[in-house]
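Accompanying notes for the structure given below.
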Amino acid sequence: MASLSCIASISAASLQSRRALFASFRGNPHLLRFSHPRSCKVDVKCSYADPSIQSSNVGTIDVVADVKTERIVVLGGSGFVGSAICKAAVSKGIEVISLSRSGRPSYSDSWVDQVTWLTGDVFYANWDEVLAGATAVVSTLGGFGSEEQMQRINGEANVVAVNAAKDFGIPKFILISVHDYNLPSFLLSTGYFTGKRKAESELLSKYPTSGVVFRPGFIYGKRKVDGFEIPLDLIGEPIEKFLSAVENFTKPLNSLPASDLLLAPPVSVDDLAFAVVNAVVDDDFFGIFTIEQIKEAAKSVKV
């Protein structure tokens with residue numbers, strides 16, 4: 001009886017393959033940038049043997065497969081939220097580059113060595129270096145200060161990043177924004193909120209079918225500051241559980257102005273990070289996500 005056996009092998013180099021990204025055709029219809037080809041060469045070796053034949057025939061078939069890889073750039077990756085996103089992405093096999101003014105964090109967790117840490121400012125960044133090969137950009141940029149400072153870091157910095165990513169042909173952009181807490185409009189006119197909403201508007205106009213905006217409220221977890229660990233989870237987690245338990249009783253109050261200052265449930269920084277991972281790997285994931293939707297998005301990838 002004749003026999004046929006096959007062995008398939010994937011080239012190690014091919015697993016480093018990268019996605020082909022197309023730059024925007026709006027500005028230049030002839031502009032095309034390849035930064036992540038995703039083809040993967042698979043060698044299938046087959047041997048055919050027949051007892052009546054003294055030798056066997058051995059042949060190799062080359063098969064080109066489409067293997068998706070992810071490489072994300074996290075803006076503000078050394079911060080509280082940014083570092084959680086870097087850690088979660090690494091745990092899911094995603095290649096991570098962080099750009100922040102402080103660069104590599106001072107602590108020495110094992111995942112830190114698996115991230116490429118770049119030091120820089122989005123206003124003066126060498127985007128050719130930062131965005132090369134990226135499949136998504138995640139911005140955690142934001143902060144408090146004077147009106148001018150908040151407009152600059154919450155709004156202008158993110159607008160610069162969105163446009164840089166779009167011009168470079170990055171297919172997805174994810175923005176960490178903020179819940180509005182049902183605040184009256186005159187309170188939402190401060191630089192912190194107007195800056196964030198300006199960034200959201202720019203993102204959704206440039207990425208209408210792939211842009212993602214997360215609007216968490218209070219974010220809790222273990223925050224590391226200057227070598228010290230601040231256990232925000234000791235406050236946030238009990239409040240989250242309590243508000244979840246009394247949700248049916250508090251729902252009628254949700255429409256009251258500023259009610260969410262007390263009733264909006266906190267979000268675990270890990271849940272937010274895994275929701276970002278979900279957005280990175282799911283091509284159909286886009287739009288604005290509320291607090292509860294963030295938690296739901298995290299469940300499908302948080303194992």
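The values are calculated or read from the model by the stated rules, or taken from the named source; none is laboratory data. Note that the structure is a prediction, hence the values are computed from the model and not measured. Glycine also receives a Cβ, built like all others from the backbone with ideal geometry; neighbour counts cover every protein chain displayed. Keep in mind that these areas ignore ligands, DNA and RNA; they rest on the heavy atoms of the full protein, side chains included. Shrake-Rupley method; radii C 1.70, N 1.55, O 1.52, S 1.80 Å.
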Cβ-Cβ under 6 Å, sequence separation 6+ or interchain: first residue in the stretch 156-167 and under 12 Å from L75 (Cα atoms) and modelled with pLDDT of 95 or more, partner open to solvent by 30 Å² or more (accessible area, probe 1.4 Å) and assigned to a helix (DSSP H, G or I). Which pairs? V162/E202; V162/K206
Just one of V122, V112, V130, V160 is of a type in the set (V, I, T) and either open to solvent by 30 Å² or more (accessible area, probe 1.4 Å) or farther than 17 Å from I85 by Cβ (or both); which is it? V160
Condition set part of a strand (DSSP E or B) and touching a residue at least 24 places away in the same chain (Cβ under 8 Å), scope the stretch 103-117, selection farthest from the chain's Cα centre (by Cα): answer is W117
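Yes/no per residue for (1) open to solvent by 10 Å² or more (accessible area, probe 1.4 Å); (2) among the acidic types (D, E); (3) free of Cβ contacts under 8 Å to residues at least 24 places away in the same chain; (4) in a strand (DSSP E or B):
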| residue | (1), (2), (3), (4) |
| --- | --- |
| I174 | no, no, no, yes |
| H179 | yes, no, no, no |
| N182 | yes, no, no, no |
| L188 | yes, no, yes, no |
| Y192 | yes, no, no, no |
| K198 | yes, no, no, no |
| S201 | yes, no, yes, no |
| V212 | no, no, no, yes |
For the stretch 85-102, does any single residue satisfy the condition of being in contact (Cβ under 8 Å) with a residue 40 or more places away in the chain, out of contact with any helix residue (DSSP H, G or I) (no Cβ under 6 Å at 6 or more places or on another chain) and not aliphatic (A, V, I, L, M)? no
Looking at the structure I just gave you, is I230 among the aliphatic types (A, V, I, L, M), open to solvent by 60 Å² or more (accessible area, probe 1.4 Å) and in contact (Cβ under 8 Å) with a residue 12 or more places away in the chain? no
Subset of the stretch 247-272 (residues that are within 20 Å of L234 (Cβ to Cβ), among the aliphatic types (A, V, I, L, M) and not in a helix (DSSP H, G or I)): A264, V267
Provide a single number: the residues in the stretch 257-281 that are closer than 17 Å to S210 by Cβ and touching a helix residue (DSSP H, G or I) at 6+ places or on another chain (Cβ under 9 Å). 6
Could you list, in sequence order, all residues of the stretch 154-172 that are aliphatic (A, V, I, L, M) and in a helix (DSSP H, G or I)? A157, V159, V160, A161, V162, A164, A165
Just to be sure, is V280 assigned to a helix (DSSP H, G or I), farther than 18 Å from G79 by Cα and among the aliphatic types (A, V, I, L, M)? yes
Just the residues that are among the aromatic types (F, W, Y), over 26 Å from K222 (Cα atoms) and surrounded by 12 or more Cβ atoms within 10 Å (Cβ to Cβ), please, taken from the stretch 243-293. F285, F286
For K224, work out the one condition from (1) in contact with a Ser or Thr (Cβ under 9 Å, 6 or more places away or on another chain); (2) open to solvent by 30 Å² or more (accessible area, probe 1.4 Å); (3) in contact (Cβ under 8 Å) with a residue 60 or more places away in the chain; (4) outside any strand (DSSP E or B) it doesn't fulfil. (4)
Close pairs from the stretch 118-145: first in contact (Cβ under 8 Å) with a residue 12 or more places away in the chain and within 22 Å of T190 (Cβ to Cβ), partner open to solvent by 20 Å² or more (accessible area, probe 1.4 Å) and of a type in the set (G, A, S), Cβ under 8 Å, at least 6 apart: T140/G79
In the stretch 77-96, the residues that are outside any loop (DSSP other than H, G, I, E, B) and either hydroxyl-bearing (S, T, Y) or open to solvent by less than 10 Å² (accessible area, probe 1.4 Å) (or both): G82, S83, I85, C86, A88, A89, S91, V96
